[in-house]
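What follows is a short report on a single structure.
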């Protein structure tokens, strides 16, 4: 039990020899140290999971996760151990503000990978949906690429076929008029194959020749354009068959999926914030415990120890300054004597 207590003291970054003389402070620093220790554990788990999604290796994830957890543990330990209680709440809060901001950032970094693990099934389902959406977008892009050419060719084909159909309708109409003139059901109403019939038949024959010429000309163009369309269809099918589903298995894809889920579902949105606030509370707990706690015996003794070192430093500094002043005064007197001797020698020579 004593070893566990001393271990948590070590986690809290306290001076063991001082704290042993302040038994009333023991429980407080055991709690602070335990909070820092478990925050490091959570950080290692979160970092390990996040790195597993990157490296897809248990060994690499475990190694870097432990490194990350130790770094967060050491940082939290430094933050708490460097705070001092001086009975000046305003100054203490101002000095702790950067540490609180840093603790908030750390809590967000720790919470996000664990959120991904907690909502793993929902995230996987959302990633599957994202993959299908991405595949559909790729298909739409491919179809759009061939759409303009296909639309243009279809319009040209329609125009060529319409030209043939219109000419065929004109021919059929002229043939009908000539036939009605021949059997007396139309035109002059005289049943004979007279000169009027011959004129109308000639018109029909002329349009028939024009139709044959158009069919010959447009037919070749229609065949070429239909062949081009077939090639486009084959190329489009080939391109679509080569499309592959996106491999959205990285950390960024999972974070994006979680963000989409929080937007879609109010329950997941609430759970997301509850988890974030939980880790925020855990991460900032050591700092706030140190801030709101009363100045205890440990703080007084620690202040005394630190002040002793500070006083000794200034005392040594004063001694050094005194020695330097004496040396400077002695050097000045020596210089005066030297100048005096030089003047005396000069006067003797004169």
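Being over 22 Å from the mean Cα position of the chain (by Cα), under 30 Å from residue 257 (Cα atoms) and at pLDDT below 80 is the requirement here; does residue 143 meet it? In short, yes. Of all the listed residues (312, 329), the sole one being surrounded by 10 or more Cβ atoms within 10 Å (Cβ to Cβ), at pLDDT below 70 and farther than 17 Å from residue 82 by Cβ is 329.
Any residue at all in the range 221-228 that is surrounded by fewer than 11 Cβ atoms within 10 Å (Cβ to Cβ), assigned to a helix (DSSP H, G or I), modelled with pLDDT of 80 or more and out of contact with any helix residue (DSSP H, G or I) (no Cβ under 9 Å at 6 or more places or on another chain)?
Within the range 221-228 (the criterion being surrounded by fewer than 11 Cβ atoms within 10 Å (Cβ to Cβ), assigned to a helix (DSSP H, G or I), modelled with pLDDT of 80 or more and out of contact with any helix residue (DSSP H, G or I) (no Cβ under 9 Å at 6 or more places or on another chain)), the answer is yes, since at least one residue qualifies.
Conditions tested, residue by residue: (1) free of Cβ contacts under 8 Å to residues at least 60 places away in the same chain; (2) in a loop (DSSP other than H, G, I, E, B); (3) surrounded by 14 or more Cβ atoms within 10 Å (Cβ to Cβ).
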residue	(1), (2), (3)
3	yes, no, no
6	yes, no, yes
11	no, no, yes
14	no, yes, yes
17	yes, no, no
25	no, no, yes
30	yes, no, yes
35	no, no, yes
41	yes, no, no
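Within the option set 110, 100, being modelled with pLDDT under 75 and part of a helix (DSSP H, G or I) holds for one residue only, 110. Which of the following residues is surrounded by fewer than 18 Cβ atoms within 10 Å (Cβ to Cβ), under 18 Å from residue 285 (Cα atoms) and assigned by TED's automatic domain parsing to the domain that holds residue 289: 70, 45, 97? Only one candidate qualifies: 97. Tallying residues that are in contact (Cβ under 8 Å) with a residue 12 or more places away in the chain and under 21 Å from residue 12 (Cβ atoms) within the range 90-125 yields 12.
Taking the numbered list (1) under 16 Å from residue 299 (Cα atoms); (2) more than 34 Å from the chain's Cα centre (by Cα) in turn, residue 32 passes all entries but (2). Every condition in (1) within 22 Å of the chain's Cα centre (by Cα); (2) more than 30 Å from residue 286 (Cα to Cα) holds for residue 105 except the one numbered (2).
The values are calculated or read from the model by the stated rules, or taken from the named source; none is laboratory data. Because the structure is a prediction, the values reported are computed rather than measured. Glycine also receives a Cβ, built like all others from the backbone with ideal geometry; neighbour counts cover every protein chain displayed.
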